[in-house]
Amino acid sequence: MNLFEALRMAANGLLANRLRSSLTMLGILIGVTAVILLVAVGNGASVQINAQIQSLGANVIYVYPSNAKGTAGVSQGFATGQSLTQADVDAINAQSAPDVVAAIPIAQSGGQITYGSQNYFAPTTGTTTAFPQVRDYQLAEGSFFTDDDVNSRHRVVVLGQTVVDNLFGSTDPIGQTIKISRQSFRVIGVFASKGGTGFGSQDNVVVAPITTVWAYLTGARGKVISQIVASATSAATVTQAETEITTILLDRHGISDPNQADFQLQSQQDILTQATSIATALTLVLGAIAGISLVVGGIGIMNIMLVTVTERTREIGIRKAIGARRRDILVQFLIEAMVLSGLGGALGIAVGTLLAHEAPSVPAIASSSFPTPVVSPSSVLLAFFVSVAIGLFFGIYPANRAARLHPIEALRYE
Amino acid sequence: MITLERITKTYRMGKVEVPALQGIDLHVGEGEFVAIMGASGSGKSTLMNIIGCLDVPTSGRYLLDGTDVAKLSDDQLARIRNRKIGFVFQSFNLIPRTSALHNVEMPLIYAGEGSRTTRATVALGAVGLADRMHHQPTELSGGQQQRAAIARALVTDPAILLADEPTGNLDSASSVEIMRLLATLNVEQARTIVLITHEQDIARFARRVVELRDGRIVRDEKPA
């Protein structure tokens, strides 16, 4: 008996009970639809997170002060140390790190920002002139501050789009004076929007010369550098750049054992890896939940196949009498179960893909930050083979039961 | 063609052993048309199951066309049923929702043989059903269904045709029609036919009558 004959027999058997076959298929269809859709949502979230992190710059490296062990062995905890200095930044910039384009110091300060009667809160970042280059910001209006501004502690700021929207509305901000923690600053530039959401918007920034921030905003804390941001020549050279920075800083800080380093490096790549693993876990959990409904669908197939075998006992007897071997009967019912589940799976893939495709055009979803589902070809293939495998697995018991029927008893069955 | 030697069959019902056949010796030669008769409980169904290789005897030897089939496995028996035996049942036993043509093709499918449609068409033509071969069993009369079943039995060109009460579900006109067909097959194609029946009228079509009672052969004669 060849496969074509077996498929023809299976089709005959399934068509004999159209409603029953469709309902059984529906179980698998819903299961596969759920798997495709939920995995697509998980993938979508993963893609969204990746895009956001990439918008921060894929080749950016952060250096934080770290839990440096003091001579007394007191651990000071993450980012509380003051081990980074302007001299460190200068050393990294001084050509000894060929894979680093530029490094900038960052001093952070919080503070109420006012313009006229408008109030807003945004972190103020003190840095140097290479900031737009390192963090990949473009200017929409005005200009960035100059080395002269840094050297002379000029009270000038460049604002992100979100800050402009909240403080100025339709007024042109260039040349206006705002107050940060009751100190006056002149607005000299506005960044073009980077469009990122979540993770702390890239447009919610106020940037000023680091010397100005030290002089007017950080107050008694002195010339603290909370982090150094460096950009590698490309995403591919991030690892080499990290090594170079580590070597320079260890040397400058007089530390021979890298485990004792009083700073810590983190690249966008590291963040990306972490976020990706979280997104993957999310996808797996969603897929597993959907997988449960697939198992329920499989049990439905087994149930119906058992009923079918009982109903067709006489037919099985006839087939055996005219020469069907055990294997022929087994294959016939297995294929019937696999056609049920495979067809249900294929339809489920179609419905799931369609729903994933149409989801972004549903107004309630479009207006939220719900990720656009992304159907991956691998999940489609996997869903199809899993559904066929479910037919095989849950079909084996009923098919085997049919194959083992004794021909005489089967023929006598009413 | 068929040689049964000291065949016994004992069924076990719980702890009680029920002897169905108690030493059957029977020889059926090629081209014979034998009717096996007997009341219900005489063991004729059991004998038919054994001759038809649907069941194996408890003891004894059964040679079918030279092969000892008493000790064969299930799959080997299936192969013998497929190649050497054609069944005709009382209740026709066509597969429902399947055309007469496809029903007749079925043994060839299991035999894995080619030119199925042609051979099935020829077999249906031989029983006078050429014009109804695309009809399903429910669209055929009892007599037509039994003809289709005979075509199915003959399509693999088996050594023997085993008919178990083939007219039991038919009116007398159809019964005569079917029996004439069997007789013709016996005479014209020299088919060996073993017919099981409890009706004298039907047994008359055969050229030899074997009567069973309580699992033993009590009469074996060729009517004049």
Cα-Cα separations in segment B:2-221 greater than 22 Å, expressed as whole percent: 50 percent
Mean separation of Cα contacts under 8 Å, 6 or more apart, over the residue count of chain B: relative contact order %: 29 percent
Helical mean residue ellipticity (222 nm; -39500 (n - 2.57) per DSSP H run of 4+; nearest 500) of chain A: -18000 deg cm²/dmol
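Tell me the relative contact order for chain A as a rounded percent, counting alpha carbon contacts under 8 Å between residues six or more apart.
Averaging sequence separation for qualifying contacts and normalising by length gives 29 percent for chain A.
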Chain B - mean residue ellipticity at 222 nm from DSSP helices (-39,500 (n - 2.57) per run, n ≥ 4, rounded to 500): -10000 deg cm²/dmol
Segment B:2-221: antiparallel DSSP beta bridges as a percent of all, rounded to 5: 55 percent
Cα gyration tensor of segment A:115-189 - equivalent ellipsoid semi-axes, whole Å, descending: 20, 15, 11
Net charge, B:H135 excluded, C-beta distance under 13 Å - Lys, Arg +1, Asp, Glu -1: +1
More than 29 Å apart - percent of Cα-Cα pairs taken over chain A: 62 percent
Calculated FRET value between A:I271 and A:N2, using beta carbons and R₀ = 51 Å, to 0.05: 0.35
Pairwise centroid distance, computed over Cα atoms, of segment A:347-414 with segment B:160-206, Å: 52 Å
Packing-based exposure ordering (other Cβ within 10 Å, fewest first) of A:F191, A:F263: A:F263, A:F191
Cut-off 19 Å (backbone N to label point 7 Å along Cα→Cβ of B:D131), residues of segment B:92-110: B:100-101
Whichever aspartates and glutamates have a C-alpha closer than 17 Å to that of B:K71, once near sequence neighbours (fewer than 8 apart) are set aside: B:E5, B:D55
DSSP beta bridge pairing in the protein assembly as shown, given as percent antiparallel to the nearest 5: 70 percent
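Give me A:L294, B:L63, B:L101 ranked fewest to most by other Cβ atoms within 10 Å of their Cβ, as a rough exposure proxy.
Numbers: A:L294 25, B:L63 15, B:L101 20.
So the ranking, lowest neighbour count to highest, is B:L63, B:L101, A:L294.
Would you mind ranking B:E211, B:E139 so that the residue whose beta carbon has the fewest other beta carbons within 10 Å leads the list?
B:E139, B:E211
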Rel. contact order, % - alpha carbon contacts under 8 angstrom, at least six apart, segment A:84-261: 32 percent
Number of partner chain Cβ atoms within 10 Å, mean per residue of B:86-95: 3
Residue among A:L340, A:L330, A:L286 with the largest mean-square fluctuation in a Gaussian network model of chain A, springs linking Cα atoms under 10 Å: A:L330
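Bear in mind that the values in this text are calculations on the coordinates, not laboratory data. A quick note: this is a predicted structure, and the numbers were derived from the prediction, not measured. Here the Cβ is made from the backbone with ideal geometry for all residues, glycine too, and neighbour counts use every protein chain on show.
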